[in-house]
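The values are calculated or read from the model by the stated rules, or taken from the named source; none is laboratory data. Source: prediction; values computed, not measured. Every residue, glycine as well, gets a Cβ built from its backbone with ideal geometry; the counts of neighbours run over all protein chains shown.
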Amino acid sequence: MKFNISMTSLTHLLKILKEHDIDVPADGRTLLKTPRSGSLRITEKSGGKYTYFGLKEGLTHTLSEQDTSKYDHFEISLNIDGLHIFKSKNLTMWPLQCAVINIDEVKNSPFVVALYSGAKKPDDLEFLRDFMEELQELMETGFKGKRIVLKNIICDAPARALIKGIVQFNGRYGCDFCDYRICLFGDGQTSVVPISWIFDDNGTLKCRWTSSLSNIKKNSPPNPNWKVYDIVKIVGPSIGDYDQANQYISDYTTGVSAAEDSITYSMTDPAVVELPEKRKRKNKLCDESDINSETSSCEGKEPKETKCKVTMEKLFDLNTKILQQIQMLEQRQAVIMNDLAKVKSVLMKRAEEDAHEELFKQQQCSSFETFEAFCQRLEEDKNYRELYVHYLIHTHGSSNIGEMVRQALKSIASDNVLCLYNRTGKDGKKVLPPVLLTCLKKCVRSFHKQNEIEVKKLKVITRTTPDTECIRQVEIFLSNANTRLKRKPNKGKS
């Protein structure tokens, strides 16, 4: 390493040393403990190549030599950044790095959780999915009996814009420190819009917008279900306070100049564009000459603007109450589904084996479409996924990993469907849905709590992890699907 010699030169040097009876490895890769190429699972994600090392594995390795008994929680800091690793290529690396920052001995020792590589930055945030799912699981269940807290996310300006889903820092109106901008929509409406709601769609500025005043004032995160509006103009400077931004609109729509207002704006700013004056309502007022004739008609009538304002406030309050009720109903639904999963798992223990399928109403998928629909439901419905894991554990659970994986896959899909898949998607086959592997791993983990197990391969006992052995058994069963299909006609003839 000191003289930066190549791997070929190192191997040749080791061979010369072995000729002189010096006990050294015969290959440079053995000496440097280079990991085997098959030890990393590399997949296509977010427009590039991606591999996931694991948050739990990183925490285990980092804290293995530390006394953590005096801590009741672990504070994690996440760093996301991109870097060029070659001068002559456009290849970039985006590592996800974490550090435990509330323990002084290891706070300056970050570890890599995931790694993305591609010719450009990630197309989307799919490369964060594995980390977020494992982080959420650890925050719910804990690590070594301690709470996990995500303290902060550290990014530079380009990475921050990517993660927050906003315009890049050098784009139009790319400052994400100011809170509000005044936007003129394509339908002629003018409104105060939080900066985080504005995004660039192929060179066109758009925003997700809702009329909820509470969401605008709180600068709430944009909801994907909100309607998307085209932005014709962004008027005036960035403003840090909602009331000031609302006053800015009011001044220009009523013809008051910025100099007369207590808030001063730089009118030489190229971003400042005058608002088109709204059509002024001509309210009939009582002149001095008509006081005697029109006093009776003016008295006792509430102005239309006041009525409209009161009505809008009532609507906002009603909308807030409805949203709160919806959130309460969703929480109750989650509790009910969790209780239902527990009840069904108890019933499965007491019922006969033939009745398990009837309890769960799960039939073997005999076509590609039904199998994909089943996996899609597992992916989208968390409660259904948890219930299905309970079903697999109590129906096909076994300390024998190979037997459990075979019985579980047989119950899920027929061989004519499984023969279309493998784990990597090579040889013209489809990639087995990751959510199915996740369910199988949870089943295996329910019987093997330890991090390492002993497995017998070709009469040789080796040590591996339960997850690795689960993946190996899945690959074996899928690769033999065609062989099982060929055997079935022969059995029928005999």
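Starting from region 478-493, keep only residues that are not assigned by TED's automatic domain parsing to the domain that holds E403, then list their pairs with residues that are part of a helix (DSSP H, G or I) and at pLDDT below 85 whose Cβ atoms are within a distance under 6 Å, requiring at least 6 positions of separation or different chains.
Taking only residues 6 or more apart or on different chains, not a single pair turns up.
Residues checked against (1) touching a Phe, Trp or Tyr at 6+ places or on another chain (Cβ under 7 Å); (2) in a strand (DSSP E or B); (3) polar (S, T, N, Q); (4) in contact (Cβ under 8 Å) with a residue 40 or more places away in the chain:
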{"position": "D187", "(1), (2), (3), (4)": "no, no, no, yes"}
{"position": "C207", "(1), (2), (3), (4)": "yes, yes, no, no"}
{"position": "S220", "(1), (2), (3), (4)": "no, no, yes, no"}
{"position": "Y229", "(1), (2), (3), (4)": "yes, yes, no, yes"}
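Restricting the search to region 439-463, which residues are exposed (fewer than 15 other Cβ atoms within 10 Å of the Cβ) and β-branched (V, I, T)?
V460, I461, T462
Please pick out the residue among L78, L59 that is touching a residue at least 12 places away in the same chain (Cβ under 8 Å), outside any strand (DSSP E or B), assigned by TED's automatic domain parsing to the domain that holds K107 and under 32 Å from the mean Cα position of the chain (by Cα). Break it down into steps so the answer makes sense when it comes.
Numbers: L78 fails: outside any strand (DSSP E or B).
From the options L78, L59, the qualifying one is L59.
So I198 passes all but one of these: (1) over 19 Å from D124 (Cβ atoms); (2) β-branched (V, I, T); (3) crowded, with 16+ Cβ neighbours inside 10 Å. Which condition number does it fail?
Here I198 meets the rest and fails (1).
Taking only pairs six or more apart or across chains, which ones have beta-carbon atoms under 6 Å, a first residue in region 401-420 that is on the phi < 0 side of the Ramachandran plot, and a second residue that is modelled with pLDDT under 90 and acidic (D, E)?
The qualifying pairs are I401/E469.
Is it the case that Q136 is loosely packed, with under 14 Cβ neighbours inside 10 Å and over 19 Å from the mean Cα position of the chain (by Cα)? Write out each step before concluding.
On the way: loosely packed, with under 14 Cβ neighbours inside 10 Å: yes; over 19 Å from the mean Cα position of the chain (by Cα): no.
Criteria not met by Q136.
Considering only residues that are modelled with pLDDT under 85 and within 26 Å of V431 (Cα to Cα), which ones fall in region 458-482?
Selection gives N482 alone.
Is it true that C419 is more than 22 Å from the chain's Cα centre (by Cα) and not hydroxyl-bearing (S, T, Y)? Give the derivation first.
Values: more than 22 Å from the chain's Cα centre (by Cα): yes; not hydroxyl-bearing (S, T, Y): yes.
Answer is yes for this residue.
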